[in-house]
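S.K.: Below is one structure. I have some questions about it.
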Amino acid sequence: MAIVIRRLEERDEVANFDCGDEPLNNYLRRHAWSNQEKSSIGVSFVAVDEGAPRAVLGYFTLAMASVPRDSFPKKYVRGLPPYDLPLILLARLAVDRRFAGRGLGHALISEAFHISLRAADEVGCRCIIRDAYRERMSWYARYGFVPIEGAAESGPQRMFLDLRTLRAALRH
Ligand SMILES: CC(C)(COP(=O)(O)OP(=O)(O)OC[C@H]1O[C@@H](n2cnc3c(N)ncnc32)[C@H](O)[C@@H]1OP(=O)(O)O)[C@@H](O)C(=O)NCCC(=O)NCCS
């Protein structure tokens, strides 16, 4: 397979996408295009195989957001003003289960990192956040995501990755 990651387009085939999680399937099938094109509240990127370039194998969605400074572990926000911190929300990330475990998730999150770093060069944003399913937290931790303090004990766990840490890691 020769994987390409690009912006979601209207003619992309999303109806059969199945990552095993209905909210994530539903978002891609029903909302991703209109949120991107009509509402401008999230941009989605899809992974496709060059041989079948309309069939979506995986996707992620990015949006701008902000989070109160006090939500973060103190050592990460020492010296910052008492404003909400500007950041990038990795709002969705999913891989079709027929293609899971082949590195597509890695390719997608790597692309999300590169886009986030480019955005951070132009617009102030300190980190990437993700509301991760608890059973996926260790997958995100592999990339350096750290849980934000004060999260609820059940439901998704908010995690963040400092873009300065990411930039330094990619430099090496
Ligand atoms: C999470 C998800 C995006 C990963 O995508 P993927 O293409 O299967 O991931 P990759 O192939 O890049 O990575 C697989 C690696 O992660 C590991 N892994 C899988 N699930 C893991 C978990 N819960 N915790 C830690 N590691 C995990 C695998 O062992 C594998 O390790 P290896 O690279 O050492 O072999 C995908 O499984 C998915 O879409 N799941 C359903 C939707 C979902 O849960 N989305 C995330 C919501 S927070």
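Readers should treat all values here as calculations from the given coordinates under stated rules, not as data from a laboratory. No experiment lies behind these values; they were computed from the predicted model shown. Heads up, the Cβs are rebuilt from the backbone with ideal geometry, glycines too, and the neighbour counts pull from every protein chain shown.
S.K.: log₁₀ I(q)/I(0) of region 3-171 at q = 0.10, 0.12, 0.14, 0.21 Å⁻¹, via Debye over equal Cα point scatterers, no solvent, to two decimals?
M.R.: -0.38, -0.55, -0.74, -1.53
S.K.: Using 0.36 nm per residue, how much length does the chain from Met64 to Arg167 gain when fully extended, once their Cα-Cα distance is taken away?
M.R.: 35.2 nm
S.K.: Now a separate question. Using only helices, what value at 222 nm comes out for the chain when you add -39,500 (n - 2.57) per DSSP H run of length 4 or more and divide by the total residues, to the nearest 500 deg cm²/dmol?
M.R.: The helix-only estimate for the chain comes to -7500 deg cm²/dmol at 222 nm.
S.K.: Please give the peptides 21-32, 6-17 ranked by average Cβ packing (other Cβ atoms within 10 Å per residue), highest first, as a rough proxy for protection.
M.R.: Top of the packing list down: 21-32, 6-17.
S.K.: On a full-extension model of 0.36 nm per residue, what is the gain between Leu117 and Ala100, subtracting their alpha-carbon distance, rounded to one decimal in nm?
M.R.: 3.5 nm
S.K.: So what's the gap between the Cα centers of region 43-108 and region 114-144, to the nearest angstrom?
M.R.: With region 43-108 and region 114-144 each reduced to a Cα centre, they are spaced 6 Å.
S.K.: Could you work out the relative contact order of the chain? I mean the mean sequence separation of Cα pairs under 8 Å and 6+ apart, divided by the number of residues, in percent.
M.R.: In percent, rounded to a whole number, it is 18.
S.K.: Right, something else. Can you put Thr165, Thr61 in order of Cβ neighbours within 10 angstrom, beginning with the fewest?
M.R.: Least to most surrounded, the residues fall as Thr165, Thr61.
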